[in-house]
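Note sheet for the following structure.
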Amino acid sequence: MSDMSLPRLQHIVASASVMIVGIWVTYLSYTQQPSEAFLFPRLISTVFVILAIWTFAKACLGWTKVGSGVSGIVFLRMLPGLFVMLVYVFWAAKNLGFYTATALAFFLLYSLYDPAPHNSARSWIKRILVTACFIAVMYGLFALLLKVFTPREVFF
Amino acid sequence: LQLSFLSSAVGGIFGVLLLIFLTPLLAEWALAFGPSHLFWLAILGVTVIGTLDSRSVVKGLLSGCIGLWLATIGFDDIMGAQRFIFHDALGGGINIIAALIGLFAIPQVISMFAQGRHRDGAEVLQVRKHSIIAAMRELLRFPRALVIGMSTGSIIGLIPGVGGQIAGLVAYDQTKKFSPDRAAFGKGHPEGVISAEAANNAMVGPSLVPLLTLSIPGSPTAAVLLGGLLIHGIFPGSDLFDNHPDVAWTFINSMLVGQVLMCLFGLYIAGVAARVAQVPQSLMAALVLGLAVFGSYSVQSSMGDVYVMAALGIMMYFLERFGFSAAPLVLGLILGPIAESNFIQGSMIANATDGMMAYFLTGPLNLFLIAVVIASITYSVWMELRSRRYVSKEEVMV
């Protein structure tokens, strides 16, 4: 997709988001105390907000030339993976335990994006075996060899 | 292929030897640098990568600013004040390793998701085997190409922000100019292969000179190396060779050994290793995500690092889709503490002497560094405008 065919609205929303963060950072830098601790953040946030406003203005005027944005089809494709990733990182890893959560997330992601047919028993067996091998390697590496303590809630 | 690996090794060894001889000399010169100079050097590092490594100068600089801001999150070193801590996970600031994993690995994982149930893996070309002795003879037949490649690569390597691709292209172009057989270039002529490969490896050693002497990484790779050194409490700079000679020389010598190993690896294992590219993307995405979560957690056994890693990764994916770049953001994050500590030290000195403006904006070295910052931005803006004009002309012709 060419850069020019992207709806301008996407660039405006993206640059507006960056600008809002910039304004918020600048506001905090100039209002929080003690002021000595915010000397450097003030300097940085001033440049940050100027550049962010410049980028936003360019997006509004349609001068943005780089970045292909996120098309609807791309977003729909990534959505299930992103959802599994968010649940895995922000909830499951701590509440189910690292190894259980990783096994589930790995299996789900591999199954979701595996081009092999979903109605074939053989491909499901392959997915289960690959997941089991991956978790065995991770357990051997992190728990047995490196002795990294991870949250363990369910099974192991 | 053999010729490519051999020229790379010769170029790489030459570059590392230059690093060995140049670094101690420049380190002595760097002793003259005060807090204001080190502050400007840190800013220079961010602007050079921000402007040269991005497709948009403004977005590159904005990425650098975001990185510098992220580096200020946590407790202030001098006053102990809380800054921008809006979640418990940010209490200790942003861990560099977790941030690096998030900024580089997670956008790739999401990109793989975005391709959906994609069947095609990367195609691995079958390269016919040639004799290594014959490749060595061929290398010796074209000493001019080798010398041009090594010298061009070394000079370009010293310029922060200019990567191996540019070194290879410049060396190729120069070799072509001096070659009597110019018409054969572009069809796998050995001179072209030798010069380009020697140059892109010869630049690696010299590109680390600014990192080791002035703590200014000249490339994203050097920024990651700087992150590694800082994690171990080693601050590269003028006193690196006095305070940590063991680390400095191990680092340099390992690069020398690395060049030889890279050549051997390339000659004997590259064909097999290339098959990694054939691993299905669905499997690769799940593998990388699992390793990213375990890797970021194991740094400090903290779930906060895992949250930061994922949040930064998702943010970076969307920023990249809108023309922002990860390299300047990473550099800002790494150079932020260096810039801030020197800025604070400098402002203390300035308050006791002639004031901020006089301390930071006068003096030959300050002015030189400011001029380089401005020149790098101006040059990048000019290049961007030029490339746009070129694209517009092509569009008109079509």
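The values are calculated or read from the model by the stated rules, or taken from the named source; none is laboratory data. What you are looking at is a predicted structure, and each value in this text was computed from that prediction instead of being measured. Don't worry about glycine lacking a Cβ; one is built from the backbone with ideal geometry, like all the others, and counts go over all protein chains shown.
Structure data summary
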quantity	calculated
Residue ID - farthest from residue B:110 (Cα to Cα), chosen from residues in segment A:80-106 that are at the interface with chain B (Cβ under 8 Å from one of its Cβ atoms) and surrounded by fewer than 20 Cβ atoms within 10 Å (Cβ to Cβ)	A:94
Selection from segment B:236-266 of residues that are more than 24 Å from the chain's Cα centre (by Cα) and either modelled with pLDDT under 75 or within 14 Å of chain A (Cβ to nearest Cβ) (or both)	B:242
Selection within segment A:26-39 - part of a helix (DSSP H, G or I) and touching a Phe, Trp or Tyr at 6+ places or on another chain (Cβ under 6 Å)	A:29
Total residues in segment B:296-324, condition surrounded by fewer than 24 Cβ atoms within 10 Å (Cβ to Cβ), at the interface with chain A (Cβ under 10 Å from one of its Cβ atoms) and either touching a His at 6+ places or on another chain (Cβ under 8 Å) or assigned to a loop (DSSP other than H, G, I, E, B) (or both)	2
Residue count, segment B:66-79 (criterion: touching a helix residue (DSSP H, G or I) at 6+ places or on another chain (Cβ under 8 Å) and either closer than 20 Å to residue A:69 by Cα or at pLDDT below 90 (or both))	6
Filter result for residue B:372 (in a helix (DSSP H, G or I) and at pLDDT 80 or above)	yes
Filter result (more than 9 Å from chain B (Cβ to nearest Cβ) and surrounded by 14 or more Cβ atoms within 10 Å (Cβ to Cβ)) within segment A:107-126	A:123, A:124, A:126
Unique match (being of a type in the set (Val, Ile, Thr), part of a loop (DSSP other than H, G, I, E, B) and out of contact with any Asp or Glu (no Cβ under 7 Å at 6 or more places or on another chain)) among A:84, A:130, A:70	A:70
Extreme residue, modelled with the lowest pLDDT, among residues of segment B:95-133 that are in contact with a Leu (Cβ under 7 Å, 6 or more places away or on another chain) and within 14 Å of another protein chain (Cβ to nearest Cβ)	B:113
Segment B:347-386, subset more than 24 Å from residue B:50 (Cα to Cα) and among the small types (Gly, Ala, Ser), residue farthest from the other protein chains (Cβ to nearest Cβ)	B:363
Selected residue (criterion: surrounded by the most Cβ atoms within 10 Å (Cβ to Cβ)) from residues of segment B:69-83 that are assigned to a loop (DSSP other than H, G, I, E, B) and not aliphatic (A, V, I, L, M)	B:76
Scan of segment A:129-141 for residues that are touching a residue at least 24 places away in the same chain (Cβ under 8 Å) and at the interface with chain B (Cβ under 9 Å from one of its Cβ atoms), ordered by number	A:131, A:134, A:135, A:138
Filter result for residue A:73 (at the interface with chain B (Cβ under 9 Å from one of its Cβ atoms) and surrounded by fewer than 17 Cβ atoms within 10 Å (Cβ to Cβ))	yes
Test: residue in segment B:329-341 that is more than 8 Å from chain A (Cβ to nearest Cβ) and over 28 Å from residue B:46 (Cα atoms)	no
For residue B:350: the one exception among (1) crowded, with 19+ Cβ neighbours inside 10 Å; (2) touching a Phe, Trp or Tyr at 6+ places or on another chain (Cβ under 6 Å); (3) farther than 28 Å from residue B:96 by Cβ	(1)
Qualifying residue in segment A:96-103 (condition: part of a helix (DSSP H, G or I) and over 26 Å from the mean Cα position of the chain (by Cα))	no
Subset tally (residues that are touching a residue at least 12 places away in the same chain (Cβ under 8 Å) and at negative phi) for segment B:351-369	5
Residue list for segment A:44-63, filter: in contact (Cβ under 8 Å) with a residue 12 or more places away in the chain and more than 7 Å from chain B (Cβ to nearest Cβ)	A:46, A:49, A:53, A:56, A:58, A:59, A:60, A:62
Matching residues in segment A:15-39 - criterion: being farther than 26 Å from residue A:56 by Cα and more than 8 Å from chain B (Cβ to nearest Cβ)	A:35
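So that you can scan it fast, the table gives a plain yes or no per residue for (1) part of a helix (DSSP H, G or I); (2) within 23 Å of residue B:59 (Cβ to Cβ); (3) aliphatic (A, V, I, L, M):
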{"site": "A:9", "(1), (2), (3)": "yes, yes, yes"}
{"site": "A:41", "(1), (2), (3)": "yes, yes, no"}
{"site": "A:66", "(1), (2), (3)": "no, yes, yes"}
{"site": "A:108", "(1), (2), (3)": "yes, no, yes"}
